[in-house]
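Notes for the one structure printed next.
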Amino acid sequence: TVNQLDRVAWQAVPIILLITFLIGAIISQQGIFHFRKFGAELYSVDLVGILVLREIGVLIVAIMVAGRSGSSYTAELGSMMMREEVDALRTMGFDPIEVLVLPRVLILVIALPILTFLGSMAALYGGGLVAWLYGGMSPEIYLERLTQAISVTHFKVGMLKAPFMGLVIGIVACAEGLQVKGSAESLGLQTTASVVKSIFLVIVLDGLFAIFFASIGM
């Protein structure tokens, strides 16, 4: 479990920070570019803050994790199926679900909220940097507007989604890995299916959460 935490969470931090930083910067730049026509550049801060904390932050991180860790899980378990290591575990009296699947799924449930938090902070920083360099907005004004635009509710909405997305990615990745047959072609097909299904389900889940939170007024 500790090994999986290092691989899934710690080693993923640099690429997650880079991608989310760039996404935040792009949203900010586009917001300033279009709001400038109406003399309302300040509203680009609202756009960045709410969009990153509620939707984009967790969604980008989940998609990155599905492509990075989900495919890795499928390939690992698939290789073990090909070499009959899973059958060997059963022969020795171990439950493959308990030994192989549970730690991986558990770590994704723990790691995704942490990565989402770090990614959201990086995106907000990227948005602030662009607002300063491109929009001429001082960091003080950006932070003041950000604190007015966002609330704890927006932060909660994004963070509440993260464990469920981690659970979905983990279950799909491990299930696809355990369906691998004895050929390399099967391994490739299941790994592809794992990533595609994970990303699809994450986006569907995000949409369902959006409808749910809107219905309860969050």
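Does segment 71-82 include one or more residues that are part of a helix (DSSP H, G or I) and either closer than 30 Å to residue 144 by Cβ or in contact with a Phe, Trp or Tyr (Cβ under 7 Å, 6 or more places away or on another chain) (or both)?
No - not one qualifying residue is present in segment 71-82.
Just checking, how many residues over segment 1-33 are touching a Pro at 6+ places or on another chain (Cβ under 9 Å) and surrounded by 18 or more Cβ atoms within 10 Å (Cβ to Cβ)?
Going through segment 1-33 one residue at a time, the tally reaches 1.
Read through the list (1) closer than 22 Å to residue 188 by Cα; (2) open to solvent by less than 20 Å² (accessible area, probe 1.4 Å); (3) at pLDDT 90 or above; (4) not acidic (Asp, Glu), then give the number of the only condition that residue 79 fails.
Only one criterion in (1) closer than 22 Å to residue 188 by Cα; (2) open to solvent by less than 20 Å² (accessible area, probe 1.4 Å); (3) at pLDDT 90 or above; (4) not acidic (Asp, Glu) is unmet by residue 79, namely (2).
Give segment 34-62 a look and list any residue that's out of contact with any Asp or Glu (no Cβ under 9 Å at 6 or more places or on another chain), part of a helix (DSSP H, G or I) and either open to solvent by 50 Å² or more (accessible area, probe 1.4 Å) or of a type in the set (D, E, K, R) (or both), or say none.
Once the filter is applied, which keeps residues that are out of contact with any Asp or Glu (no Cβ under 9 Å at 6 or more places or on another chain), part of a helix (DSSP H, G or I) and either open to solvent by 50 Å² or more (accessible area, probe 1.4 Å) or of a type in the set (D, E, K, R) (or both), segment 34-62 yields 34, 36, 37, 38, 43, 46, 47, 50, 51, 54.
Condition check ((1) among the acidic types (Asp, Glu); (2) open to solvent by 80 Å² or more (accessible area, probe 1.4 Å); (3) more than 28 Å from residue 50 (Cα to Cα); (4) modelled with pLDDT of 90 or more) across all residues:
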site	(1), (2), (3), (4)
171	no, yes, yes, yes
177	no, no, yes, yes
184	no, no, yes, no
191	no, no, yes, yes
196	no, yes, no, yes
204	no, no, no, yes
211	no, yes, no, yes
218	no, no, no, no
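Can you tell which of 49, 67 is under 14 Å from residue 195 (Cα atoms) and not aliphatic (A, V, I, L, M)?
Every option except 67 fails the conditions.
Go through segment 146-164 and count every residue that is aromatic (Phe, Trp, Tyr) and surrounded by 19 or more Cβ atoms within 10 Å (Cβ to Cβ).
Number of matching residues: 0.
Within segment 124-144, can one find any residue that is in contact with a Leu (Cβ under 6 Å, 6 or more places away or on another chain) and either farther than 19 Å from residue 203 by Cα or at pLDDT 90 or above (or both)?
Scanning segment 124-144, I find no residue that is in contact with a Leu (Cβ under 6 Å, 6 or more places away or on another chain) and either farther than 19 Å from residue 203 by Cα or at pLDDT 90 or above (or both), so the answer is no.
Going residue by residue through segment 89-96, is there one that turns out to be among the hydrophobic types (A, V, I, L, M, F, W, C), assigned to a helix (DSSP H, G or I) and open to solvent by less than 50 Å² (accessible area, probe 1.4 Å)?
Yes, the conditions are met somewhere in segment 89-96.
Within segment 63-76, track down each residue that is surrounded by 24 or more Cβ atoms within 10 Å (Cβ to Cβ) and aliphatic (A, V, I, L, M).
Listed by number, the residues that qualify are 65, 66.
Just one of 167, 129, 118 is within 15 Å of the chain's Cα centre (by Cα), open to solvent by 30 Å² or more (accessible area, probe 1.4 Å) and under 19 Å from residue 26 (Cβ atoms); which is it?
118
The values are calculated or read from the model by the stated rules, or taken from the named source; none is laboratory data. Keep in mind that what you see is a predicted model, and the values were worked out from it rather than measured. For neighbour counting, all protein chains shown are included, and Cβ atoms are generated from backbone atoms with ideal geometry for every residue, glycine included. Accessible surface is based on the protein model in full, side chains and every heavy atom, while ligands, DNA and RNA are left aside. Shrake-Rupley method; radii C 1.70, N 1.55, O 1.52, S 1.80 Å.
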